[in-house]
Amino acid sequence: MLNQCLAFIFTLFAMFPMMARADTAIFAGGCFWCVESDFESVPGVSSVVSGYTGGTTENPTYRTLKGSGHYEAVQITYDPDVVSYARLLHAFFRSVDPTDAGGQFCDRGDTYRTAIFVSNPAEHAAAEAAKVTAQRDLGQPIVTPILNTATFYGAEHIHQDYYRGTTLVVTRRGVKTQAEAYKFYRDACGRDDRVLALWGDAAIFADH
């Protein structure tokens, strides 16, 4: 009987493999299209959602962000058995200009500031350690704050996976797909040039 029970249990495991673990991280790094594009390329990350957080206005939209206190941010879902929170923090700092308190690259204003949102003491300690290491490596003061997690509001559908979208949009360079418009924007905004100038070979997402 015991052998039959064990065989049944093993059969169940074969039919229903264990689900991957899933944790979340919330980072604000300027334009959320770019941060989403960067982190969706990381092994162990299962999804990245663009959205708004850190402000006081309920149910913000892209058009109501100004003055709301919200940041453009992303919510990253990842498997900690594949990629650690510390590794995500390391990559985050080296994908932005953490010395800029007024926005990111060509995007200016509070909405585009950098920030790390933490939900427990362990995340806070990891974020502080990553910030200290990044500041040491960079040799410049880092102004990115570490904030308590607030309600995260997903952005409008058009902003999700914008970097690979096929919908046609009108730009200063004519009609382009979202993916083409994103590439033009990222190049024109100088994001990768600035990150490379700051971090050199450590800028793992440059030209992504």
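The values are calculated or read from the model by the stated rules, or taken from the named source; none is laboratory data. Please read all numbers here as calculations on a predicted model, not as lab measurements. Don't worry about glycine lacking a Cβ; one is built from the backbone with ideal geometry, like all the others, and counts go over all protein chains shown. When the accessible area is computed, the model is the full protein with side chains, heavy atoms only, and any ligands, DNA or RNA have been set aside. Shrake-Rupley method; radii C 1.70, N 1.55, O 1.52, S 1.80 Å.
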If every Lys and Arg gets +1 and every Asp and Glu gets -1 at its Cβ, then about the Cα centre the chain yields a dipole, in debye to the nearest 20, of 360 debye
Shape descriptor, the stretch 82-201: equivalent ellipsoid semi-axes (Cα gyration tensor, sqrt 5λ, whole Å, largest first) stand at 29, 18, 13
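Quick check: at a probe of 1.4 Å, how many percent of the accessible area of the chain sits on carbon and sulfur atoms?
57 percent
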Expressed in angstrom and ordered largest first, the alpha-carbon extents of the chain along the principal axes are 72, 43, 38
Charge tally for neighbours of Ala202 with beta carbon under 9 Å away, counting Lys, Arg as +1 and Asp, Glu as -1, is -1
Residue-ordered couplings for the stretch 25-39, obtained by feeding phi - 60° into the Karplus form 6.51 cos²θ - 1.76 cosθ + 1.60 and rounding to whole Hz (Gly and Pro as x), are 9, 10, 10, 10, x, x, 3, 6, 4, 6, 5, 4, 4, 4, 7
A correct Stokes-Einstein calculation for the stretch 142-196, using the alpha-carbon Kirkwood radius, 37 °C and 0.692 mPa s, returns a whole-number D in µm² s⁻¹ of 241 µm²/s
For the stretch 68-125, the percent of all C-alpha pairs falling in each 10 Å bin, from 0 up to the bin holding the max distance, is 19, 48, 28, 5
For the Ile158, Ala101 Cβ pair and Förster radius 25 Å, calculated FRET efficiency rounded to 0.05 is 0.30
GluC sites (Glu not before Pro) in the stretch 70-173 lying in a DSSP loop, each with at most 16 other Cβ atoms within 10 Å of its Cβ, come to Glu156
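Among 60-71, 106-117, what's the highest-first ranking by average C-beta atoms within 10 angstrom per residue?
The most tightly packed comes first, giving 106-117, 60-71.
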Residues whose modelled amide H sits under 5 Å from the amide H of Gly103, counting only those 5 or more places away in sequence or on another chain, are Gly109, Thr114
Most fluctuating of Gly44, Gly174, Gly30 in the GNM of the chain (C-alpha, under 10 Å) is Gly174
